[in-house]
Amino acid sequence: MAAGPYLEGNPQPIAHLRVGSPAEAEAAVDSLARLGVDFIKLHTGLTRESYFAALRAARARGLVTAGHVPRTVGALAASDSGLGSIEHLLGIPVPCTPAESLSLAPRFEVQAALGRCTSAPIEPLLARLAANRTRVVPTFTAQYEIALWPGRKVPGDRYARQPPDTLRRYVAQIFPMPEVPAGADSVGRAMFAKRLEQVGTLHRAGVRILPGTDAPLRNSPPGFGLHFELEWLTRAGMSPWAVLKAATLDAAAFLGLADSLGTIEPGKLADLVLLDADPLRDIRNTRRIRLVVVDGLVVER
């Protein structure tokens, strides 16, 4: 096990486990369970057999799971095997016409993260995700940066001075700018628009959507990126009420913390954000923060 860096503002280390065989996957889950982690995240580097072994081990230990979905596994099998949350929409194909499948093929490797086209019906997959209560975390703030490449300007740049230098250097190290062909953003923007539309379809089909930002990337500086993500989810067709519920009660329920987080009521942790305008009228009003109450202290702007 290799412990990742301590990120500023995060008192716990990020643990990266590299495993090969199914037995190693189970042992890795055991080691994380002993550490008392909040949840297990699976990545695409796992083999199909090791992926399922890790999910079985996590279920046996009552651990929440989230993760990427390797192409060798697929979203349907991952959901049926108990994956709690699919990150970045990975493994969920994008509905396209046969012609779009050709014209919207990825122009560079990382662009594949925006999704791959299919002309096959995906309604059965959506129904299974809903029935299995599998959450989906689109992370539009991260996808948007990829969609614009080779362009570099993103909304998060306005907060570039907020994160410390150590964090900026860390981001540049883990997510460098790849070689991107000119005009690749025509594919990226089209796929991003399709993903927005698809998340609205997922939501209407009863699939639970959760907000996530993949912080601390350039377009998702910690704290600020969440406001961008909430706005993207409303653009995808979710109501402001549904988006706020997803970011509070639904997120707490996913982590098994609804008894202490997610709603304002007696007996729960009383961290609050007081706004100057109603976010139910316009989700962008979540940025109009008057004060924050945290650990019993009032912090004003």
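The values are calculated or read from the model by the stated rules, or taken from the named source; none is laboratory data. Since the structure is predicted, the reported quantities are computational estimates derived from the model, not experimental observations. Don't worry about glycine lacking a Cβ; one is built from the backbone with ideal geometry, like all the others, and counts go over all protein chains shown.
Tell me, which residue of region 256-301 that is among the hydroxyl-bearing types (Ser, Thr, Tyr) and assigned to a loop (DSSP other than H, G, I, E, B) is nearest to HIS227 (Cα to Cα)?
Looking at the filtered set, the residue picked out is THR263.
Can you report the number of residues in region 97-121 which are assigned to a loop (DSSP other than H, G, I, E, B) and either closer than 22 Å to LEU42 by Cβ or in contact with a Leu (Cβ under 6 Å, 6 or more places away or on another chain) (or both)?
Result for region 97-121: 2.
Are there any pairs with C-beta distances below 6 angstrom linking a residue in region 112-125 that is more than 20 Å from THR139 (Cβ to Cβ) to a residue that is surrounded by fewer than 14 Cβ atoms within 10 Å (Cβ to Cβ) and of a type outside the set (Asp, Glu), with the two at least 6 apart or on different chains, and if so which?
Filtered contacts from region 112-125: SER119/PRO98.
The rows are residues; the columns are (1) modelled with pLDDT under 95; (2) under 21 Å from GLY223 (Cα atoms).
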| position | (1), (2) |
| --- | --- |
| ALA105 | no, no |
| VAL110 | yes, no |
| PRO124 | no, no |
| PHE140 | no, yes |
| TYR144 | no, yes |
| TYR159 | yes, yes |
| THR166 | yes, yes |
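Given (1) out of contact with any Gly (no Cβ under 7 Å at 6 or more places or on another chain); (2) part of a loop (DSSP other than H, G, I, E, B); (3) of a type in the set (Ser, Thr, Tyr), identify the lone condition not met by THR234.
(2)
Here is a check on your reading of the model: is ILE289 free of Cβ contacts under 8 Å to residues at least 40 places away in the same chain and either surrounded by fewer than 19 Cβ atoms within 10 Å (Cβ to Cβ) or among the aliphatic types (A, V, I, L, M) (or both)?
yes
Looking for something surrounded by 19 or more Cβ atoms within 10 Å (Cβ to Cβ), within 17 Å of the chain's Cα centre (by Cα) and touching a residue at least 60 places away in the same chain (Cβ under 8 Å) - is there at least one such residue anywhere in region 165-188?
no
Criterion first (over 15 Å from VAL110 (Cβ atoms) and either free of Cβ contacts under 8 Å to residues at least 12 places away in the same chain or out of contact with any Asp or Glu (no Cβ under 9 Å at 6 or more places or on another chain) (or both)) does ALA193 satisfy it?
For ALA193, the condition - over 15 Å from VAL110 (Cβ atoms) and either free of Cβ contacts under 8 Å to residues at least 12 places away in the same chain or out of contact with any Asp or Glu (no Cβ under 9 Å at 6 or more places or on another chain) (or both) - is met.
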